[in-house]
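Nothing in this text is a laboratory measurement; each read-out follows from the coordinates by a stated rule. Treat the numbers as computed from the prediction; the structure is a model and nothing was measured. Please note: Cβ atoms are built from the backbone with ideal geometry, for glycine as well, and neighbour counts cover all protein chains shown.
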Amino acid sequence: MKYLIYLLSTLVLLSCNKTEGEGGFATIKGTIVTYDLNSAGELTATYPATDEDVYIIYGTEDNTYNDKTTTSYDGSYIFTNLNKGTYTLYVYSQCDTCLSGQNAITKEILITDKKEVFDTGEIIRYD
C-alpha cells in the first residue's frame, strides 16, 4: 500500500509541468507611448498612452488573448505572477492604410527565470 501511494505521489508531481500563464513569480512590465501624427504623417506630439488596453497571450498555440490590463496615467503597465515561457503582448495602433483603421503592435517575450522581471521598455503606438 505504501508503495502504491509513493508511486501515485511521484506520478502526480512529475505531471505538474507548469506552462505559460499565471501561477508563477515572473513579471512583465513596460510603457506604452503614443506618437501623434498629422495628416501628412509628420510627428506632432509624443505622450504617454493613458488608459489604453494592453493584451497578453500565453504561449504560442493560440492568438486569442488570455488577459489584459490598462495603462496608468504615465503609460505604464504590468503583468505579474507569470510562469516561465513565451508570451506575446499587443496594443492597438491607428493605421490609415488598414481596412479596420487599426493594427496590433506586438512584442514577443521569453521568460527564462521563474522570478524574472522583464522590462519591455517603450512600445510605440500611433494616433
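Please determine, in degrees from 0 to 90 and to the nearest 10, the orientation of helix 2-14 with respect to the longest principal axis defined by the Cα atoms of the chain, where the helix direction is its Cα long axis.
Its long axis makes an angle of about 10 degrees.
Can you list the residues, at least 5 places off or on another chain, whose amide H is less than 5 Å from the amide H of Gly30, using H built in the peptide plane?
Distant-sequence amide H within range of Gly30: Tyr77, Thr120.
All other residues with a Cβ under 13 Å from the Cβ of Ile124 taken together, and with Lys, Arg as +1 and Asp, Glu as -1, what is their net charge?
Surrounding charge for Ile124 is -2.
Among Asp119, Asp53, which comes first, then next, by fewest other beta-carbon atoms within 10 Å?
Placing the least packed residue first, the sequence is Asp119, Asp53.
Who wins for biggest fluctuation among Thr44, Thr112, Thr88 in a Gaussian network model of the chain, springs between alpha carbons below 10 Å?
Residue with maximal mean-square fluctuation among Thr44, Thr112, Thr88: Thr44.
Neighbour counts of other C-beta atoms within 10 Å: give me Phe118, Phe25, Phe79 arranged from fewest to most.
Least crowded to most crowded, the residues run Phe25, Phe118, Phe79.
Out of these labelled values of Rg/Rh (Cα atoms, Kirkwood Rh), (1) 1.22; (2) 1.18; (3) 1.06, which was calculated from the coordinates shown here?
Identified label for the calculated read-out: (2).
For segment 19-126, with the dipole built from +1 on Lys and Arg beta-carbon atoms and -1 on Asp and Glu ones, taken about the Cα centre, which of Asn63, Thr88, Ile28 lies farthest toward the positive end?
Going by the Cα projections, it comes out as Ile28.
Taking K and R as +1 and D and E as -1, what net charge do the other residues with C-beta under 13 Å from the C-beta of Thr112 add up to?
With Lys, Arg at +1 and Asp, Glu at -1, the neighbours total 0.
How much length would be gained if the chain were fully extended between Asp67 and Glu108, taking 0.36 nm per residue of separation minus their Cα-Cα distance, in nm to one decimal?
Fully extending the segment from Asp67 to Glu108 adds 13.3 nm.
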